[in-house]
Amino acid sequence: MREELRKLYEKRDRVLKMGGEERIKKQHEDGKLTARERLEILLDPGSFVELNPFVEKRNTDFGLDKMELPADGVVTGYGTVDGRPVAVFAQDFTVLGGSLGEMHGFKIAYILDFAMKLGIPVVGLNDSGGARIQEGVDALKGYGDIFYRNTLASGVIPQISVILGPCAGGAVYSPAIGDFIVMTKNPNCYMFITGPAVVKAVTGEDVTPHELGGWEAHAIKSGNCHLVAENDEDALKLVRKLLSYLPLNNMEDPPRVETGDDPSRITPEIYEILPEDPGKPYDVREIISAVVDNREFFEIHKYYAPNAVTGFARIDGRSVGIVANNPAYLAGCLDINSSDKIARFVRFCDSFNIPIITFVDVPGYLPGVEQEYGGIIRHGAKILFAYSEASVPMVTVIVRKAYGGAYLAMGSKHLGADIVFAYPSAEIAVMGPEGAAEIVFRKEIAGASDPKAMREAKIKEYREKFANPYRAASRGYIDDVIDPKLTRVKIISALRILESKKEKLPPKKHGNIPL
Ligand code: HXC
């Protein structure tokens, strides 16, 4: 073999081995795969093309000059998922803990630029001890370059982060700026700003990394994590599925898929799902499953604020974003966390040309000091803002309760929904009949010879007058009252006609969503 070729293959071989056998063994013992193994699962077989494999650190302090750091600890490049292009980076913990130095940061920033230039999604696989301590401010610069590009790319290309090991300190902010965060149930997978040692020093609390920032912390409590996977392989398969619903960039429509589900299929099972008693709970996801193609609903933020439901599905082969209240939790009311969840999801769909279908069954905003002090005014306003600025096709189905501000917030006609349907069971009013009777007829009830009977009579009167869909229908606030068995058929017809919808917002730099 010619000498220069021998040298090339020797160098390439060195890069392929990353941190070496010992560290790869440890990585496997920790229930984790290496960066290259992960890319094999994420991408179509044989499609990965590596870029910049020979980039090397430039800093030499604190013993770095004696260290060999193949690929500088991050494998970057591009490939395909289901034949569609995607840019990728994968940090490799076997190379100095996947720590991010100047050139490691450069490689990721380069991939973000590359993805933006081409208009293709970027998937980042995170497994890193954070800023490479030996490289000081150069490591911080590396992060800064990434955050800046994440921000410019927001709303232009989908950005998905998978947390497969440590993601500590400022490293968490690249995933946080992006669109979706996937975590695994591996105890070695965690995200936090300050680690257990700092927490102990400052607060005296003893916590493990997993307690502080594992999947439960972020999927259930903080809401930072959108999808939870059993392990590395499962996480990467989830990303492939997620990408299938998304366009490559904000100038394209999502792919249309032949799902084989009949567009004229009726949904009489909704009669069984929806209880006759309006006070009884049910799980709205059963209605969603009945309506979407092949009952396939890809739920986002499943464990966070379950009183609201968000996720992707296909209807008539089109990607749609589904938003719903779920009466199975907190009676489906809106609170701080569900407001954030819904607003963020609506804005994602709007950025990427994904129509939004909203199922409404909401008794109102959750009352209480905790909610008020926590800023329900500000957080609740996000939903109003998100729906009002959205210009994608929007179809709303009012299933049961639609009360007060929450009626407006949940994709009402008044905030720009294109077609609003209501079931005959819908109750659209300022508040529930019980509360309304107490306030409006207080004196008559108190002065009646039988206050209890009077109260019941007034509740009945209010319900008959306002707690039905016909007052709203008479004003044109809803487009039609429909038989639930026609839900799928009606939504498909709406989506078909709305395909040509074009709506422009007034020119501005950007809005000032209440954060
Ligand atoms: C340099 C690092 C490193 C880092 C890990 N390593 N993190 N080297 N800079 N940040 C090295 C270790 O020295 C070790 O090298 C190898 O990677 C494997 O690490 P271990 O500690 O043996 O692994 P483990 O026991 O699994 O522990 C994982 C860990 C721990 C909990 C993540 O490594 C750790 O605490 N790392 C530091 C975390 C941290 O404080 N990062 C800085 C955050 S501040 P050897 O050769 O000994 O095997 C930050 C600021 C960014 O990121 C700000 C941006 C705005």
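Structure summary
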{"quantity": "Rg and Dmax of the stretch 55-146, Cα atoms only, in Å", "calculated": "13.4, 45"}
{"quantity": "Distant alpha-carbon pairs in the stretch 5-75 (separation over 19 angstrom), percent", "calculated": "45 percent"}
{"quantity": "Solvent-accessible surface ranking, highest first, for Asp61, Asp293, Asp145 at 1.4 angstrom", "calculated": "Asp61, Asp145, Asp293"}
{"quantity": "Rg/Rh for the chain, where both radii come from Cα atoms and Rh is the Kirkwood radius", "calculated": "1.05"}
{"quantity": "Pairwise FRET efficiency - Asp450 versus Asn231, Cβ, R0 = 51 Å, nearest 0.05", "calculated": "0.20"}
{"quantity": "For the stretch 237-368: relative contact order, % (alpha-carbon pairs under 8 angstrom, 6 or more apart)", "calculated": "25 percent"}
{"quantity": "Dimensionless Rg/Rh of the stretch 83-193 - Kirkwood Rh, Rg from C-alpha atoms", "calculated": "0.95"}
{"quantity": "Convex hull projection area averaged over all views, the stretch 375-443, Cα basis, nm²", "calculated": "5.6 nm²"}
{"quantity": "Accessible area in square angstrom per residue, the stretch 283-407, 1.4 angstrom probe", "calculated": "28 Å²"}
{"quantity": "Inter-centroid distance (Cα atoms) of the stretch 152-216 relative to the stretch 315-336, Å", "calculated": "27 Å"}
{"quantity": "Alpha-carbon radius of gyration plus Dmax, which is the widest Cα pair, for the stretch 262-338 in Å", "calculated": "13.0, 38"}
{"quantity": "Principal-axis tilt of helix 376-389 within the chain, Cα atoms, nearest 10 degrees", "calculated": "90 degrees"}
{"quantity": "Quotient of C-alpha Rg and 2.2 N^0.38 Å, computed over the stretch 307-413", "calculated": "1.00"}
{"quantity": "For q = 0.13, 0.18, 0.24 Å⁻¹, Debye-computed log10 I/I(0) when each Cα of the stretch 218-318 counts as one equal scatterer", "calculated": "-0.62, -1.05, -1.29"}
{"quantity": "Cα-Cα P(r), the stretch 372-515, percent of pairs per 5 Å interval", "calculated": "2, 9, 15, 16, 15, 14, 11, 8, 5, 3, 2, 1, 0"}
{"quantity": "Peptide ranges 159-165, 285-291, 480-486 listed from the most packed, as the mean C-beta count within 10 angstrom indicates", "calculated": "159-165, 285-291, 480-486"}
{"quantity": "For the stretch 54-103, projected area of the alpha-carbon convex hull averaged over all directions, nm²", "calculated": "3.9 nm²"}
{"quantity": "Cys225 accessible area, 1.4 Å probe, all protein chains in place, Å² to nearest 10", "calculated": "0 Å²"}
{"quantity": "Burial order of peptide ranges 495-505, 105-115, 229-239 (average beta-carbon count within 10 Å, highest first)", "calculated": "105-115, 229-239, 495-505"}
{"quantity": "Percent carbon-and-sulfur accessible area, the stretch 294-358, ignoring ligands, DNA and RNA, probe 1.4 Å", "calculated": "46 percent"}
{"quantity": "Share of Cα-Cα pairs in the stretch 424-501 lying beyond 18 Å, as whole percent", "calculated": "56 percent"}
{"quantity": "31 Å Cα-Cα threshold exceeded, pairs from Lys382/Lys443; Lys237/Lys280; Lys32/Lys107", "calculated": "Lys382/Lys443; Lys237/Lys280"}
{"quantity": "Computed over the stretch 1-146: relative contact order in percent, which uses C-alpha pairs under 8 Å that are six or more apart", "calculated": "22 percent"}
{"quantity": "Computed Rg/Rh of the stretch 139-290, alpha carbon atoms with Kirkwood Rh", "calculated": "1.09"}
{"quantity": "Between helix 451-465 and the chain: long-axis angle, C-alpha atoms, 0 to 90°, nearest 10", "calculated": "70 degrees"}
{"quantity": "Glu56 - accessible surface, heavy atoms, 1.4 Å probe, Å² rounded to 10", "calculated": "120 Å²"}
{"quantity": "Relative contact order, percent, the chain [alpha-carbon distance under 8 Å, six or more residues apart]", "calculated": "9 percent"}
{"quantity": "Per-residue SASA entry for Thr60, accessible area with 1.4 Å probe, Å² rounded to 10", "calculated": "80 Å²"}
{"quantity": "Between helix 336-351 and the chain: long-axis angle, C-alpha atoms, 0 to 90°, nearest 10", "calculated": "70 degrees"}
{"quantity": "Peptide ranges 393-399, 452-458 listed from the most packed, as the mean C-beta count within 10 angstrom indicates", "calculated": "393-399, 452-458"}
{"quantity": "Cβ-defined net charge surrounding Pro158, 12 Å radius [Lys, Arg +1; Asp, Glu -1]", "calculated": "-1"}
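The values are calculated or read from the model by the stated rules, or taken from the named source; none is laboratory data. Since the structure is predicted, the reported quantities are computational estimates derived from the model, not experimental observations. Cβ atoms come from the backbone with ideal geometry, glycine included; neighbour counts cover every protein chain shown. The area values use the complete protein model at the heavy-atom level, side chains included, leaving out ligands, DNA and RNA. Shrake-Rupley method; radii C 1.70, N 1.55, O 1.52, S 1.80 Å.
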